[in-house]
Each structure stands twice: as structure tokens, then as C-alpha cells.
Amino acid sequence: MTLQPQTAVGTPQSRVDGRLKVTGQAPYAADHGPDDGVSNVRFAVVVDSSVGRGRITGFDTRAALAQPGVLTVIHHGNSPRLPYVDNPGSNNPQPGTRLRVFQDDRVLFFGQPVAVVVAETLETAQHAASLVGVTYAAEAPSTDLTRAPADEPASYARGDADNAWAQAPVRLDLSYRMARNHHNPMEPHATIARWDGDNLTLWDKTQWVVGGTQQEVAAVFGIPQQSVRVISPFVGGGFGSGLRAWPHTTIAALAARVTGQPVKLVLSRRQLYFGTGYRPAYTYALKVASDRRGQLTAMVHDVKSETSSYEKFTEAVLLPGQMLYSMPHVRQAYSTVPLDVNTPIWMRGPGFATGVHVIECALDELAHELRIDPIELRLRNEPGKDPSTGLPFSTRRLRECYTVGAREFGWHGRNPKPGVTRDGDWLIGTGMAAAVYDTGGFPAQAHVRLHADGTALVQAATSDMGPGTYTSMPQVAADALGLTMQTVTFRLGDSVMPPTGPHGGSTTMASVGTAIQLGSDQVRSQAITLAVNDSRSPLHGVRPEDVIVRKGRMHLKNDPTRGESYQQLLTRNQRPHLEAIGTYTGAVHDRFSMSAYGAVFAEVAVDARLGIVRLRRMLGVYDAGKIVNPKLADSQAIGGMVGGIGQALLEHTVTDPRDGRIANANLADYLVPVNADIPNLQAIYLNGNDPETNPLGVKGLGEITLVGVAPAIANAVFHATGRRLRDFPITAEALL
Ligand code: MOS
């Protein structure tokens, strides 16, 4: 097969759906209406538990039901029993028993759905929900991971880390705490459910229409997967919160079942804090050992994170400790602490955003202790192959990230001494950190159809929560088909389309993009074969591998005058279209160690009297393989950095230990960075390609752009103040 010219991939395209979004025409889950087949919709409002643990002893629904326009109040006392068949396929990846809505009287966490009101208007449903009386036999909830027993840990070991640490000339013994973080996407989670006989249609906010929502809801109701259709064309942010179906999706479907009417359920901002998941809180003890020149010899990681009492959520928090730096001795233990809370879920940079955070703060402590430049320390411990597997790296250009970053940021001019650089009342500091996130790829399929008019339609059941999937996928298809971007349409977000994996883990371009490329290659090849075998074609009899396609016209690579358009070929042959399904079987991890890398540099100013931290500038340099769309890549980096700034300085879900209530379940008290918090953020992508990792040579952008941000800021705060803070987020109170 010839190598097609790349005219769309690698170019800075604007979002093809940008106009739809900024003019309010892009339908998010709750926006679907009569034009989409959603008429006479009823409104559901969830009643949440006001205790953190215990049993429901009774309901008083009389006042709610007396409201004109209220159709029903459903709770465990009157709900149909739901089969809740196991769903080993994909959606319930955590060991345990998923929350079964309205199936019994038990309360497992504060805010658990205990009833739902369905009414003719939203206002009626909201008011009636406030009138539902629920009585409880409340028990004291356990919500603090430092005060509850942990499960049996998962472990990893190489060498004899404890012994090596005990005998090392340079030793650190550090304890970190990371707060719980919530995703807080702008679009709240929402579902519209409509039954047609035994078939269910869901318009749902989801990052995974097939595995996340379709398979799970089918399993909950014990009906065939094909009886559930999930439609989700636009997702207003997710960051991981949409990677499984939460209880409200089942509740919407249940309410529609009971009332026989289409039902819309939108979680309130407050309900998002316990109605969906979150990045769990962690305690992380890290021991570091090195020789006097900064050669690492051992690390001992003791990691604990919160999970619910009913599911054991774990993530890839141990991986960076196994492969980011070269050292002979590593021991890790990772246990979860079951609490009376709802189940966590992945959040941008899952696992790595915690593990790298701790390791990179500790490396900065070691650099300070040894009076070695932080970059030099990292270079001295840069492995030649993956220290955990012995596999070669597909590509690992972290050294270049440091070199380019140090130069562009102006790193080497800094005075390494902390707490001495001032600008009036402000203490100034700079810090850096490395970043890594493993590169994966899930099995995916895509349908590619080339029409006789020379346009193409590509479809796959992925999501686009914001990275720009709607735009980057046509870039891939356009080049592989030899079309312009304007003549390729890409549709996504419907479970009737070819299945894809979760839209998460920075895998969508690798997975769906590869499926699209493979499908497009097949279609282009079909067209060329048709032409060379067609005696009426100018390409009759030429070798197929000598033909390339540009702007919809096939021609000889070395003689552009000899050729014809797809349109001419298909019309003459009376072929309405050519089509193929591209199938990607997923990333193979047994030959290479495959990760994206980055180096993040931050400058902060800390008010010497008030402890306020202001970020002054930030630079990220990334080794992320091929960049399909530099404009969207920049957007990913800015978003990732903003998320990391929140993680470092602001985001902290606070639980009231008395009753398990989330004390700051709103965007006034749960702090996220706003424009005024964000200075100039710069991203540089090393011009790269990683063909061993996937045919597109991409390594993913969504996670790597967040991972190193928080430690770079923490290290800059130390450099500014001389204060080493190991509880995150870093607050003004702690710096006072
Ligand atoms: Mo994400 S945690 O890649 O949605």
C-alpha cells in the first residue's frame, strides 16, 4: 500500500463543531427534544440520603404525591425488583457489588439515592422531592482513610528495597496526603430515557456509549444489549466522570419504565459530588535512598486510597514508581480503605497523577539535600530500558524534554537557594517535574463509506468530551482516503455505530484513529483496485501501489496527469459507495515499554505575609508522539495544566466526618482555577512519531499534560519559601 501524502494530519485545524458549540446548537444529553424523538418528557428529581450510613425506616410520600402534576414517587418500598445481572464485560471493572438503586433499605453513603419523584414539570418534581419525608436509623459513618482499616495490599518488589534503604548513605522518609478531587465538568450528568416496548433508548452523558452505558443498563434490567440504544453526540467535559453508568442513569430508565413516559433526569451540581465518582484521597509514604552522587538505589512506597464499602476501586498508582527512574530496589504496597462513601473513578491522569506527583516532589527534596540541580539529578537516573520489564522504550525522549524546557523556560539562571528571591512582598520560586503516562489502545472499529459524489462518512461509537475527536478523526480519514477534510463527515456517540473502548486514558486517537485509518486504507484500496481493473479508467493496468489519491482524485504518483476522480470511477461503475469496517485490535505491550513523557516548569510567587500562591508562568514540554492537530494539542495542554494547577493549589472535596456530608458540594466552595488564576501557559510538543506503539504513531495527550503539573508547582513553592508542604492542595493557611 502506498504512503498517502499527509495534508490534514499535523495541521492546526479548528474544531469542526466549534460553531455548533458556541452558538448553543450542539445538543448535550439533557438538550434532546422533539426533533430527536423525545416528546412529552417527564422530569425526575432524585431524593438523596441525608445520613451517611444506616437503614431507611420509612417514607412519607403523601405531601409529594398530593402535588398537582406529580406522577409517582419510587423508592425501595415500591420499586420493581431489578435483575442486576453481572456485567463482567466492561462497565463494572471494580471488584465488588455495584450500588443497586431502590432495591433495599440500606444506606451506604451520604447522598445515596433513596427515592425519585417524577412529575410533569421540573419545578413540580423539585418541589415534590423536597416534600418527601424519609426516616432513618442512622449509624456513624466511617469517612477518614487514616482512621479505618485497610484491605490486603497489592504489592510489587524488585531487589531488597528495605535493606537497601536502611544501609543507604542518603535517605528520605516522606509522607504525603492528597485530597479527594471531583471532576466537575461543566455539563452535569444527565439522562433521558424512553421505552418503546422492551427497547430502551437513552440519551446520556457518557464517555463510553457501548461498554459504559449500554452494556451496564442492559445488565441492570436483564435485557439483551441490543435492546438498549445509547445516544450521546456531545459531552460537555468529563475528565473520567463519564466512564461508567452511575445510578441516576438506571433511575431515569426505571422511572420511564414505571410511568410509561419518557423521563429526563439531570443531576444538580450538588448531586454530582455523590452521584458520580471522584479521584480518591490518598496517603502516600515514600522512602527514597541514593548514593552521595544522587544515584537512586531504592524506593519503598506505602500507598493507601479510599474506596467505597461495596466496590474496590484501584488505579495505576504504582506504575510510575516501577519505571520512571532506574534503581535496583523497589518495594510497593497499595491498599484501599473501604469507607462509607460512594465509589471513586478515574480522573484525568488516573494513578499517575498521584504516583508521579509524590515521586517528583521527593526527587526535588533529594536534589535539594544533595545540592544537585533537579534536572541533573533526573538525568543521572534516566534508565536505558524499562527498569520494571527490561523492555526497550518505543520512544522515550525525556532528556530532550529537559533540554528544550530548561532552555525555553530559562531554568539554569536560577539561584538554587530557596526562600531568597523576592519581588517586593512576593517570594519567587521556580520548580520542575517530570511526567509520564503509559500509552495504551483499546480494540475499536470504525465504519468508512466513500460515496459516489466523492464525500465520505465515517462512524464509530466513541465520544468527544472535549479533546476534539470530531475534528482529529476526519484529519486521519481525509489523508488515508485522499480527500479534503471538508468532504469527510465523522459521526460518533451512538451505540448502533461500530463499537469502541472507553473514551479515556488518552487512548482515543490511538484506538479509534487507527481503526479509521485501517478502514480508510481499505476503501482507498478498493477504489484503486476497481480503477486498475476497469478498462475505461485512465489507471487501467497500472500497479496499484503506484497510485495515490489527492483531493478525491486517484493518479499515478509519478504522473499526476494520469488519473481520475473517485466520483468518475464510482459513477461510471454504478457503485453508490465503497465501504469497509476498520478494526484495531488494541495495543500490544509485550515488545516495547510505551509511554508519553513530559517535563513541566513552573514559576510561582508566594505572598510572604499572606501565604497566597500565584502561578506566574508555566511551560510543559512533551514527548507525545505524532501530533495530529497542533491547535487541539495546545488546547489539551492548557486544559491539562489548568487541571494540575487545581490539583496543586485548590481542589479539595471536604467531607464532614460527623455524617459523611460533603461540605463543599458546590462550585463556590469547591475551588477550581478561574481565568484570574491562570497566567501564560506554554506547551511545546517535540516533533515526533512512535510507530511501534500504534500505526498512527501517537502517544496520547489528555493525561500527560496534567501529570507533572502539581509537583512542578509544589517544588516551585518550596523554592520560593523554603517550606516543604506534603499535603495537597497547598493552601495559604498551611503557608502562613
Ligand atoms: Mo480520563 S480519566 O482519560 O476520562
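What follows draws every value from the coordinates through simple rules; no lab data is involved. Here the structure is a predicted model, which means the values were calculated and not measured. Neighbour counts are summed over all protein chains in view; Cβ atoms, including those assigned to glycine, are modelled from backbone coordinates with ideal geometry.
Brief remarks follow.
- For residue 48, the amide hydrogen comes within under 5 Å of the amide hydrogens of 114, counting only partners 5 or more places away or on other chains and with H modelled in the peptide plane.
- Cα gyration tensor shape for the chain, rounded if a/c is under 1.5, else prolate or oblate: oblate
- For region 321-432: rounded, prolate or oblate by the Cα gyration tensor [a/c cutoff 1.5]: oblate
- Relative exposure of 417, 287, judged by other C-beta atoms within 10 Å (fewest first): 417, 287
- Couplings for region 195-207, taken from phi via the Karplus curve 6.51 cos²θ - 1.76 cosθ + 1.60 with θ = phi - 60°, read 9, 10, x, 8, 9, 10, 10, 10, 9, 9, 7, 8, 9 Hz in order; Gly and Pro are left as x.
- Taking chymotrypsin sites (Phe, Trp or Tyr not before Pro) across region 1-73, none is in a DSSP loop with at most 14 further Cβ atoms lying within 10 angstrom of its Cβ.
- Per-residue ellipticity at 222 nm, computed for the chain from helices alone with -39500 (n - 2.57) per DSSP H run of at least four residues, works out to -7000 deg cm²/dmol.
- Taking other C-beta atoms within 10 Å as the exposure proxy, 721, 508, 7 rank 7, 721, 508 from fewest upward.
- Set of aspartates and glutamates with alpha-carbon distance to residue 21 below 16 Å, sequence-local pairs under 8 removed: 31, 187, 464
- Dipole size of the chain about its Cα centre, with +1 on Lys/Arg Cβ and -1 on Asp/Glu Cβ: approximately 860 debye, rounded to the nearest 20.
- Backbone N within region 408-448 under 20 Å of label point (7 Å from residue 614 Cα along the Cβ vector): 419-431
- Fewest neighbouring Cβ atoms within 10 Å first, the residues 127, 503 line up as 127, 503.
- Placing +1 on the Cβ of every Lys and Arg and -1 on the Cβ of every Asp and Glu, with nothing else charged, gives region 356-471 a dipole about its Cα centre of roughly 300 debye.
- Two-site FRET efficiency, residue 577 against residue 668, from Cβ-Cβ distance with R₀ of 45 Å, rounded to 0.05: 0.25
- Inter-probe distance in nm under a simple model that places probes 7 Å from Cα toward Cβ, at residue 66 and residue 658: 3.2 nm
- Amide H within-cut-off set for residue 145, under 5 Å, with H built and near neighbours excluded: none
- Nearby lysines by direct alpha-carbon distance to residue 264 (threshold 19 angstrom, same-chain neighbours under 8 apart not counted): 205
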